[in-house]
Amino acid sequence: MKATAYDEMTTADGAVRPHYAAFAAWLASQPAETLARKREEADLVFHRLGITFAVYGEAEGTERLIPFDMIPRILPAAEWSQLAAGLRQRVRALNAFLGDIYHDQEILKAGHIPAMQVLQNVQYRPEMQGLDVPGGIYAHIAGVDLVRAGAGEFYVLEDNLRVPSGVSYMLEDRRMMMRLFPDLFARCRVAPVEHYPDTLQEVLRTVAPIGVSNPTVALLTPGHFNSAYFEHAFLAQQMGIELVEGQDLFVADEQVFMRTTQGPRQVDVIYRRLDDDFLDPLAFRQDSMLGVPGLLSVYRAGRVTLANAIGTGVADDKSIYPYVPEMVRFYLGEEPLLNNVPTYMLRKPDDLAYVLDHLPELVVKEVHGSGGYGMLVGPAATKQEIEDFRARVVAAPEKYIAQPTLSLSTCPIFVEQGIAPRHIDLRPFVLSGREIRIVPGGLTRVALREGSLVVNSSQGGGTKDTWVLED
Amino acid sequence: MLSRTADHLYWMARYTERAENLARMLDVTQRMSLLHAGSEGNESGWASALTIAGPEAPYRAKHGEVTPAGVMSWLCFDADNPSSIIGCLRSARENAHAVRGTLTSELWETINDTWLKVRDGDPAVLAGSGAGEFFDWVKFRSHLSRGVTIGTMLQDEALWFARLGTYLERADSTARILDVHSRRLLAGVSDVGGASDYYQWSALLRSVSAFEVYRRVYRDRITPLRVAELFILRADMPRSLHKCLNEVTELLDMVGNRHSGETARRAGILHASLHFGRIEDIFAGGLHAFLGDFVGRIYDLSDRIANDFLIPKH
């Protein structure tokens, strides 16, 4: 498997790829002590800034630094512009799909997707039926996970359309690289990413309810025990908007207000980093202490915009994923520019039989899982793990999908002894408002353990700065 | 500013100030008890400390008798007691953590560091002569927090609400310390004007860092009347009630909103009574009655501020 992995920096015969040439020359000229010192500096600064994430399942309040690696992941301009075109197309189709299934359901009537798969999905929200959202946009912020496989081609691994996170690391990684190696940015023409918060704010303002000319935008966080709280605080601060918790908001006269020291202030757009289930205890989970009672009714009256909209989870569900290329053809009349990973749906008896016979070769995922929890990576699993997983799959096959194990591309990282390749992925952030905006690159996550394919930060992944070179 | 943010800032400052005042109060209690070793005044000093610091029932349930060791452990390092020094420093840190983005990194680090040190500290060191050092440390950390607050924070609402918390807490605490100890000293001592009396009153002065101040201001022997005047009416004494109300009224002016007029008016009346009051009149009406009324009014102001600006406490 290792032999077939595509390396971002060097070709199979060891030559440096052209877009890495300037960086490689610079790297070769750096004394080892300098690099070691810079690594320490980076650790120190990240610690001091408190850029951490909370880890579920460990002692309460456990906070960890996300490891940062100093070797950038570089994409040439031409390759990026193809990816960006594919991302735009895909997110347009996904938004069209969401608009459709909450209105006329043409794609179901045309028989492209089994209606049951959509309408019985726990992520499908009947509350959204017939509701018009500003600009027809549901997923304002999408974090689409891409991987590059053996021959160098990209695949979409998943479309994160609920509350995708990680963009703060993209921004902090860039800031760190510029701080550590300013001379490097003089040598290489790297497309900037620092305008992401501005762009996001612009997008959020353009989707304000009709008739609101100067909207008040707020970021709704579950609070400081949430694993991504740092990012919520960071983005709110960067955009200069209030970071609110459910208890800061209340509903009165069909409006949402926040409690301020100067009295109630109306809120028009809520960038919510809280799952659907917790948004409104009157409509969804009654035990939610994090939401705002009555929020759904204001939303349905069109007096507040939620970004992302309620009910987007049905479109990034792993059981719907196999149909995304079909959505592109159906809504846009175009051929998909980005590949889907071939996917076995275990609710189908044929697929199930095949997968059970080939577990050691496949990746099996829970349909509703995320964050790298609840998945089996066949080639890396022990016999016992495979058998345990087999039992779970047999018990409830409809809860799982399976995919061939892709040999994710690698990129060199600094390790204890020099430099070694590790597997990576890429999460670009696609912003949809009046138009689609993508900051060049995205977040590159890296599996720090040798041979590991799991890049999630909760599972020991790290991050890298991602460069798109300008022509 | 969000009401919740202001609330956290206000309580962060209040708890920091409360921890400092507890340390000051316990310090004076210990000094006084050393003067009285073995006599009756000893126990009553520790009982007074308990009264000042909060409800007595939970202490009784855990320790029974009031003993110096019991009170010290309950009010310093008992994490089950939210009114202990460690409890206050934990609450200060929790409030700071919730609004970390609003604080300067220096301030957050200072408050967090204080908490980590006290959490990992060894209560055994407290026994005996270690206590004085611990109280000094708590005071020092509070000075540091305050200095970092003033030295690094933008002069906006965030700072104003934090300062409001500091001064309301200090007013409350100074009044309670003076009330409880003066009542005991004025009632119980046999040799008024004698040597023991002198040491008791000077210990009380030291609890608000005012021993030298007293000398400088009055250049005279220490009398209860003057001590009370210094605690209550001297606007140039940083921990006096008058000084605290100077700050509170000014801060209320700065943060005022459409609903807060009545709160400002009440603060103004209280301030005027200190600004124009005379200590002889206060003594004539009874010092205890005056301080009891004052503490009640501070409670009322706190409640009104919570309703006008912060998160109402029901």
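The values are calculated or read from the model by the stated rules, or taken from the named source; none is laboratory data. These numbers come from a predicted model, not from an experiment. In this analysis, Cβ positions are derived from the backbone assuming ideal geometry, glycine residues included, and neighbour counts consider all displayed protein chains. Heads up: the accessible areas ignore ligands, DNA and RNA and are worked out on the full protein's heavy atoms, side chains in. Shrake-Rupley method; radii C 1.70, N 1.55, O 1.52, S 1.80 Å.
Chain pair A, B: how much accessible area is buried, both chains summed, with a 1.4 Å probe, in Å² to 100?
1400
How high is the relative contact order of chain A? Use alpha-carbon pairs under 8 Å, at least six apart in sequence, and give a whole percent. Show your work: numbers first, answer last.
Details: 889 pairs, mean separation 111.9, N = 471.
The normalised contact order for chain A reaches 24 percent.
What does the charge count near A:Pro404 come to, summing +1 for each Lys or Arg and -1 for each Asp or Glu among other residues with Cβ under 13 Å from its Cβ?
Net of charged neighbours comes to -1.
A:Asn456 to A:Ala12: FRET efficiency via 1/(1 + (r/R0)^6), r the Cβ-Cβ distance, R0 45 Å, to the nearest 0.05? It would help to have the intermediate numbers written out before the result.
Details: r = 28 Å, r/R0 = 0.63.
It comes to 0.95.
Which trypsin sites (Lys or Arg not before Pro) from region B:272-314 combine a DSSP loop assignment with at most 15 other Cβ atoms within 10 Å? It would help to have the intermediate numbers written out before the result.
Working: sites: B:Arg278, B:Arg297, B:Arg304, B:Lys313; in loops: B:Arg278, B:Lys313.
Those satisfying the criteria are B:Arg278, B:Lys313.
Let's test the formula: R0 of 56 Å, r as the Cβ-Cβ distance of A:Arg187 and B:Asp293. What FRET efficiency results, to the nearest 0.05? Please report the intermediate quantities before stating the final value.
Values: r = 74 Å, r/R0 = 1.32.
So, using R0 = 56 Å, E works out to roughly 0.15.
I'd like to check one number: the per residue accessible area of chain A, probe 1.4 Å, reported in Å² as a whole number.
Accessible area per residue, chain A: 42 Å².
Mind checking which lysines have their Cα closer than 25 Å to the Cα of A:Lys365? Skip sequence neighbours fewer than 8 apart in that chain.
A:Lys2, A:Lys318, A:Lys348, A:Lys383, A:Lys399
Net charge within 9 Å of A:Gly462 by Cβ-Cβ distance, Lys/Arg positive one each and Asp/Glu negative one each, not counting A:Gly462 itself? All intermediate terms of the calculation are to be shown ahead of the outcome.
On the way: positive: A:Arg422, A:Arg445, A:Lys464; negative: A:Asp69.
Computed value for this residue: +2.
Per the 1.4 Å probe, what fraction of the accessible area of chain A, in percent, lies on carbon and sulfur atoms? Intermediate results must be reported in sequence, preceding the final value.
Numbers: 10080 of 19620 Å².
Answer for chain A is 51 percent, counting heavy atoms of protein chains only.
How large is the dipole of the protein assembly as shown about the Cα centre if only Lys and Arg carry +1 and Asp and Glu carry -1, each at its Cβ, rounded to the nearest 20 debye? Intermediate results must be reported in sequence, preceding the final value.
Working: 80 positive and 99 negative charges, 283 e Å.
Around 1360 debye, computed over the protein assembly as shown.
Let me make sure I get this right: for region A:79-216, a, b and c are the square roots of the gyration tensor eigenvalues over alpha carbons, sorted descending. Under 1.5 in a/c it's rounded, otherwise prolate if a/b > b/c, else oblate. Which is it?
Working: a/c = 2.78, a/b = 1.55, b/c = 1.80.
In terms of gyration-tensor shape, oblate.
Scan region A:198-287 for GluC sites (Glu not before Pro) in coil per DSSP, keeping those whose Cβ has at most 13 other Cβ atoms within 10 Å, and list them by number.
Details: sites: A:Glu202, A:Glu231, A:Glu242, A:Glu245, A:Glu254; in loops: A:Glu245, A:Glu254.
Within region A:198-287, the qualifying GluC sites (Glu not before Pro) (loop, at most 13 other Cβ atoms within 10 Å) are A:Glu254.
Excluding residues fewer than 8 places away in the same chain, name every one of the lysines whose C-alpha is closer than 29 Å to that of B:Lys139.
By straight Cα distance, B:Lys139 reaches B:Lys62, B:Lys117, B:Lys243, B:Lys313.
Take every Cα pair under 8 Å in chain B that's 6+ residues apart, average their separations, divide by the length, and report that relative contact order as a whole percent. Could the numbers behind the result be given before it?
Details: 358 pairs, mean separation 72.0, N = 314.
The value is 23 percent.
Counting only C-alpha contacts under 8 Å and six or more residues apart, can you give the relative contact order of region B:1-153 as a whole percent? Provide the component values of the computation, followed by the final result.
Numbers: 142 pairs, mean separation 46.6, N = 153.
That works out to 30 percent.
Which shape class applies to region A:318-471: rounded if a/c is under 1.5, otherwise prolate when a/b exceeds b/c and oblate if not, where a ≥ b ≥ c are the square roots of the Cα gyration tensor eigenvalues? All intermediate terms of the calculation are to be shown ahead of the outcome.
Details: a/c = 2.33, a/b = 1.14, b/c = 2.05.
Since a/c reaches 1.5 but b/c is at least a/b, the shape of region A:318-471 is classed as oblate.
Could you order the peptides A:217-223, B:229-235, A:25-31 from most to least packed, using the average number of other C-beta atoms within 10 Å per residue? Before the final figure, lay out the partial values.
Numbers: A:217-223: 23.1, B:229-235: 21.6, A:25-31: 11.1.
Descending mean neighbour count gives A:217-223, B:229-235, A:25-31.
May I ask for the distance between the Cα centers of region B:84-112 and region A:375-447, given as a whole number of Å?
Here the two parts' Cα centres lie 38 Å apart.
Using label points projected 7 Å from each Cα along Cα→Cβ, tell me how many nm separate B:His143 and A:Asp198, to one decimal.
So the label points at B:His143 and A:Asp198 sit 4.6 nm apart.
For chain B, set up a GNM with springs between Cα atoms under 10 Å and report which of B:Arg221, B:Arg170, B:Arg141 has the largest fluctuation.
Maximum among the listed residues: B:Arg221.
Over its Cα atoms, what ratio of radius of gyration to 2.2 N^0.38 Å does chain A give?
Numbers: Rg = 22.5 Å, N = 471, 2.2 N^0.38 = 22.8 Å.
Against the empirical 2.2 N^0.38 Å value, I get 0.98 for chain A.
Among B:Val71, B:Leu103, B:Ser83, pick out the residue whose Cα is farthest towards the positive end of the charge dipole of region B:1-153, where Lys and Arg carry +1 and Asp and Glu carry -1 on C-beta, about the Cα centre.
About the Cα centre, the residue reaching furthest to the positive side is B:Leu103.
Heavy-atom accessible area per residue, region B:167-314, 1.4 Å probe: how many Å²? Please report the intermediate quantities before stating the final value.
Details: 6850 Å² over 148 residues.
Computed with neighbouring chains in place, this is 46 Å² per residue.
If I take R0 = 60 Å and measure r between the Cβ atoms of A:Asp253 and A:Ser81 in this structure, what FRET efficiency does the formula 1/(1 + (r/R0)^6) give, to the nearest 0.05? Before the final figure, lay out each step's value.
Details: r = 48 Å, r/R0 = 0.80.
Efficiency, rounded to the nearest 0.05: 0.80.
How big is the dipole moment of region B:167-314 about its Cα centre under a simple scheme where the beta carbon of each Lys and Arg is +1, that of each Asp and Glu is -1, and everything else is neutral? Debye, nearest 20, please. Don't jump to the answer; show the numbers that get you there.
Details: 20 positive and 19 negative charges, 48 e Å.
Taking the Cα centre of region B:167-314 as origin, the dipole is about 240 debye.
How many nm is it between the label spots at B:Arg119 and A:His112, if each spot is 7 Å from the Cα in line with the beta carbon?
5.3
How large, in percent, is the carbon and sulfur part of the accessible surface of region B:150-300 at a probe radius of 1.4 Å?
Exposed carbon and sulfur together represent 52 percent of the surface.
Have a look at region B:1-35 and report residues whose accessible surface goes down by 30 Å² or more when the remaining protein chains are included, against the chain on its own, probe 1.4 Å, ligands and DNA/RNA excluded.
Residues meeting the cut-off: B:Met1, B:Leu2, B:Ser3, B:Arg4.
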